[in-house]
Structure formats: C-alpha cells, structure tokens
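Following: one structure in structure tokens, then a few remarks.
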C-alpha cells in the first residue's frame, strides 16, 4: 500500500520513538478498511511495560485532510458512514498484546480518513503513571495513533483541471497523490515546465496550480493511488 511521503515520514518518526521509550506500540500504524478483507480491518496493541496498563481507544475523523483547513471531528454513531473501534477500553498485562478491530457502519460513497487513538489512562492506584525525570528512561505513556483509510466498494479516479481558477480537482471517490505537474504553453518541449508537487488530494478537494504555470496549452499530471503505480494523465486546452 502506497501512502504519501509526508505521512510516511511522520509514521516512521513515531515508530522510531515508539521503539525507544514507549510503554505501548501499535502495528500497523496505517491501514485501509473495506468490506472485502474483514480479517485485515484490525491492528494490534503491544505492551512494552512490566506493569498492567489501562487503555482507552477512540476514533476521530479527519476533515479536509492534507490541506491547511485540516481538522479532527469526534465520531457519532448516528453518522452512518463512520467507523467504530472495538473494544474501546482494554486492560493490557505486562508484555501482552491485544487486537483492536475496526468496522465501517456502512460502505462510504467516498474515501474518508480517520485517526484511531490508543490512550493510556492513569488509575487511582497507579501512582507510577506520573513520570519524573528520574524514571523517564523506563518508559513514556504516550498516546498512539493509527491512520485509517475507509474506502468505497468501487473506487473511481477522476481528475479535473480548471484553468480559469487554476486548480486541480479530485472528482473521484478515492484520494490520489500528485507527484508533479508539467505544463506547456505551446507544442514546443522547450516551453514546458515541471513543478514538483508531492501532495495528496482527497475526494471533493482541490489543489491550487502554482502561479509559475500560466497560459497553459497542455498539462501532464503524474499521480498514483494507494494501489497503483505512477500514472500520467494529459489535458489539452
């Protein structure tokens, strides 16, 4: 499964931190859920501590992902396309592991992005949950996050270029990762300019075409989905 370079770097950094001092680990840190491979709609929580840990598991939806307007929203059961995690509370013995299962309440019409949080909870008897500088090296109770893509049953890729407003629109139902854009102002190759983008565009969202690309006669967008190799698509104006 391919993910954006930005997300990959973030997950890699968190993984290294987890391996170093964390009391818990989660794996995988990113997954796609669907109605076909139900046995893959899950992740595991691993204890790296010598003490019993109480954990809360909760889900938040990512709105306007990969944009400056990105934010999180809590999940409501009344939302028919939401995903739920089960169980929502676990007690994790020392060195143990536990499986968290995910389920979409219904198949979404377009891809949605969620974050599933695994949060340690201090109990009244667990005074050792309070970390001091002297004990910091023994383990840190950090909240872990799993990135979850919820996709429609039938994926559709559909890009549109709006030259009047200078935007690339994702009119499909799954997100795509744009590697670069090549725009030409004539049929001569010498008039073509390539711009590195390396950004994700989720369904219903758009990407501003860089201002350095103007008066386009043609444009080529190199992109890929999570399940495809690099694709080149051409537009002529």
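Summed over segment 213-224, residues that are modelled with pLDDT of 95 or more and either over 28 Å from the mean Cα position of the chain (by Cα) or not in a strand (DSSP E or B) (or both) total 0. Inclusion of residue 92 among residues that are within 16 Å of residue 62 (Cα to Cα) and in contact (Cβ under 8 Å) with a residue 60 or more places away in the chain is not warranted. Taken across segment 112-121, residues that are in a loop (DSSP other than H, G, I, E, B) and either modelled with pLDDT under 95 or loosely packed, with under 14 Cβ neighbours inside 10 Å (or both) do not occur at all.
Find the residue count for segment 179-212, including only residues that are part of a loop (DSSP other than H, G, I, E, B), surrounded by 12 or more Cβ atoms within 10 Å (Cβ to Cβ) and either touching a helix residue (DSSP H, G or I) at 6+ places or on another chain (Cβ under 9 Å) or in contact (Cβ under 8 Å) with a residue 40 or more places away in the chain (or both). Number satisfying all stated conditions: 6. Residue 70 passes all but one of (1) closer than 30 Å to residue 207 by Cβ; (2) in contact with a strand residue (DSSP E or B) (Cβ under 7 Å, 6 or more places away or on another chain); (3) at pLDDT below 85; which number fails? Going through the list (1) closer than 30 Å to residue 207 by Cβ; (2) in contact with a strand residue (DSSP E or B) (Cβ under 7 Å, 6 or more places away or on another chain); (3) at pLDDT below 85, residue 70 breaks only (3). Here residue 109 qualifies as in contact (Cβ under 8 Å) with a residue 60 or more places away in the chain, over 17 Å from the mean Cα position of the chain (by Cα), assigned to a loop (DSSP other than H, G, I, E, B) and within 30 Å of residue 208 (Cα to Cα).
Looking across segment 54-73 at every residue that is over 17 Å from residue 147 (Cβ atoms) and in a strand (DSSP E or B), the one that is farthest from the chain's Cα centre (by Cα) is identified as 54. Criterion applied to 145, 201 was being within 19 Å of residue 113 (Cα to Cα), assigned by TED's automatic domain parsing to the domain that holds residue 107 and modelled with pLDDT of 95 or more, and the one residue passing it is 145. Take residue 232 and tell me if it is modelled with pLDDT of 95 or more, farther than 25 Å from residue 27 by Cα and more than 23 Å from the chain's Cα centre (by Cα). For residue 232, the condition - modelled with pLDDT of 95 or more, farther than 25 Å from residue 27 by Cα and more than 23 Å from the chain's Cα centre (by Cα) - is met. Scanning segment 51-67 for residues that are farther than 12 Å from residue 113 by Cα and in contact with a strand residue (DSSP E or B) (Cβ under 8 Å, 6 or more places away or on another chain) yields 52, 53, 54, 55, 56, 57, 58. Quick check on segment 79-100: of everything there that is over 18 Å from residue 43 (Cβ atoms) and under 23 Å from the mean Cα position of the chain (by Cα), which residue is surrounded by the fewest Cβ atoms within 10 Å (Cβ to Cβ)? That would be 80.
The values are calculated or read from the model by the stated rules, or taken from the named source; none is laboratory data. Keep in mind that this is a model prediction, so the values were computed, not measured. For neighbour counting, all protein chains shown are included, and Cβ atoms are generated from backbone atoms with ideal geometry for every residue, glycine included.
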